[in-house]
1. Is one or more of the residues making up the stretch 2-16 at negative phi and either in contact with a helix residue (DSSP H, G or I) (Cβ under 6 Å, 6 or more places away or on another chain) or among the aromatic types (Phe, Trp, Tyr) (or both)?
2. For VAL37, only one of the following conditions fails: (1) part of a helix (DSSP H, G or I); (2) open to solvent by less than 100 Å² (accessible area, probe 1.4 Å); (3) aliphatic (A, V, I, L, M). What is its number?
3. Give me a count of the residues in the stretch 1-19 that are among the hydrophobic types (A, V, I, L, M, F, W, C), over 26 Å from the mean Cα position of the chain (by Cα) and open to solvent by 100 Å² or more (accessible area, probe 1.4 Å).
4. Which of the following residues is open to solvent by 100 Å² or more (accessible area, probe 1.4 Å) and either at negative phi or at pLDDT 80 or above (or both): VAL50, VAL22?
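The values are calculated or read from the model by the stated rules, or taken from the named source; none is laboratory data. Note that the coordinates shown come from a computational prediction; the quantities given were computed from them, not determined experimentally. In this analysis, Cβ positions are derived from the backbone assuming ideal geometry, glycine residues included, and neighbour counts consider all displayed protein chains. Surface accessibility is based on the protein's heavy atoms, side chains included, excluding ligands, DNA and RNA. Shrake-Rupley method; radii C 1.70, N 1.55, O 1.52, S 1.80 Å.
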Amino acid sequence: MPQKTTPQDARQGRRGFPVLLVLVFGLLLAAVAWWGVEAYGLMLDQQQAVEMPASRDTPAG
């Protein structure tokens, strides 16, 4: 005869952090990391010298 279990015992997962909270915090953490990489990239971009192409205009005279 099969053993009867209660619905509480039959659950495969345990109660804890809801999945939605884990997903939201993961998304926020990814956004903070993305922002940090963007700020670092902009800082590096501003440190590099800008090379302007030579002018092809002839002086008016």
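1. Within the stretch 2-16, not a single residue is at negative phi and either in contact with a helix residue (DSSP H, G or I) (Cβ under 6 Å, 6 or more places away or on another chain) or among the aromatic types (Phe, Trp, Tyr) (or both).
2. So the condition that VAL37 fails would be (2).
3. Number satisfying all stated conditions: 1.
4. Sole residue among the options that is open to solvent by 100 Å² or more (accessible area, probe 1.4 Å) and either at negative phi or at pLDDT 80 or above (or both): VAL50.
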